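The values are calculated or read from the model by the stated rules, or taken from the named source; none is laboratory data. It should be emphasised that the depicted structure is a prediction, and the values quoted were computed from it without experimental measurement. Cβ: placed from backbone, ideal geometry, glycine included. Neighbour counts: every protein chain shown.
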Amino acid sequence: MESNWIPSKSKYKRAILKVSGEALKGERPYGIDPGSVAYVAGKIREIVEMGVEIGVVVGGGNIWRGSEAASAGMDRATADYAGMLATVINALALQDSLEAMGTTTRIQSAITIQAVAEPYIRRRSMRHLEKGRVVIFAAGTGSPHMTTDTAAALRAVELVADVLLISKNDVDGVYDSDPKINPEAVKFDKLSYMDALNLRLDVMDSTAISLCMDNQIPIVVFNIFTPEHVRHIIEGRDVGTYITENGG
């Protein structure tokens, strides 16, 4: 599926979607659940069908967590590189599901792994997006000590995205405390970048938020497993938590 057509119902022309590894494991303790992968792929295809150019940054926490391996004594850089390889596995699973649905997809990796993915080249990414292809960005930024949240923010800035979509699989936005622990937790409909940083809310890491703040990239945090959320966000409706310069 390759198209440059942008329907009027879409608020955004180009978006970057961050998908966590946990979203791909379903009810399993770890690994990849085919049903969950197919569901996420279906939501991405929905964005494409609305005429939006979409890049996807995928995490690897369902397979490997570099921070946990490092805390157990593994060299941090080595642990993080292993985590980058986990994101490549997830990217391949997601690409296979998307292409089974008829959606043309490319994987670009920040580390060289040419047998299964293109290298990340900004201008090539731009061209894929302009042709209506989904681009899945694997291996984070290609550098240890950097999260896939930071990779998502960096790609949003580099590719001049209109919005960064942060999908969650357990909450529908940003709260003042963990809603799974505190039933009185209050959800924020809108936040400023500075509030997200100063209140130390569980949104993204501070480097990622700062990148978006410095480059005026709005962030939307939402639950990807609420079926209508993706479509509503692309249409410009108030869904999840919207983070901007002034929180308006």
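Looking across the stretch 162-207, the residues that are small (Gly, Ala, Ser) and buried (at least 19 other Cβ atoms within 10 Å of the Cβ) come down to Ser167, Gly173, Ala196.
There is no residue in the stretch 25-39 that is out of contact with any Pro (no Cβ under 7 Å at 6 or more places or on another chain) and within 30 Å of Gln216 (Cβ to Cβ).
None of Ala117, Ala138 is in contact (Cβ under 8 Å) with a residue 60 or more places away in the chain, of a type outside the set (S, T, N, Q) and farther than 17 Å from Glu53 by Cβ except Ala138.
What are the pairs with Cβ atoms under 8 angstrom where one residue, in the stretch 182-196, is without any contact (Cβ under 8 Å) to a residue 12 or more places away in the chain and the other, located anywhere, is loosely packed, with under 13 Cβ neighbours inside 10 Å and of a type in the set (Asp, Glu)? Sequence gap at least six, or different chains. That search, which allows pairs on different chains as well, returns Ala185/Asp178. Among the conditions (1) within 21 Å of Thr141 (Cβ to Cβ); (2) surrounded by fewer than 21 Cβ atoms within 10 Å (Cβ to Cβ); (3) at pLDDT below 90, the only one that Ser210 does not satisfy is (3).
Of the set (1) among the polar types (S, T, N, Q); (2) part of a helix (DSSP H, G or I); (3) within 26 Å of Ile181 (Cα to Cα), all apply to Thr226 but (2). Kindly provide the set of residues from the stretch 9-54 that are surrounded by fewer than 19 Cβ atoms within 10 Å (Cβ to Cβ) and touching a strand residue (DSSP E or B) at 6+ places or on another chain (Cβ under 6 Å), ordered by number. The one that is surrounded by fewer than 19 Cβ atoms within 10 Å (Cβ to Cβ) and touching a strand residue (DSSP E or B) at 6+ places or on another chain (Cβ under 6 Å): Arg14. Residue-level check: of (1) free of Cβ contacts under 8 Å to residues at least 24 places away in the same chain; (2) closer than 13 Å to Gly140 by Cβ; (3) of a type outside the set (D, E, K, R); (4) in a helix (DSSP H, G or I), Tyr81 misses just (1).
For the stretch 95-110, the candidate set comprises residues that are touching a strand residue (DSSP E or B) at 6+ places or on another chain (Cβ under 6 Å) and among the hydrophobic types (A, V, I, L, M, F, W, C); within that set, the residue that is nearest to Arg155 (Cα to Cα) is Ile107. Tell me which residues, restricted to the stretch 141-152, are in contact (Cβ under 8 Å) with a residue 60 or more places away in the chain and crowded, with 19+ Cβ neighbours inside 10 Å. Hits for the stretch 141-152 are Thr147, Thr148, Asp149, Thr150, Ala151, Ala152. Once the stretch 169-181 is narrowed to residues that are in contact (Cβ under 8 Å) with a residue 12 or more places away in the chain and part of a loop (DSSP other than H, G, I, E, B), the residue that is farthest from Asp33 (Cα to Cα) is Asp176. For Arg28, the conditions (1) in contact with a Gly (Cβ under 9 Å, 6 or more places away or on another chain); (2) of a type in the set (Lys, Arg); (3) modelled with pLDDT under 95 are fulfilled apart from (1).
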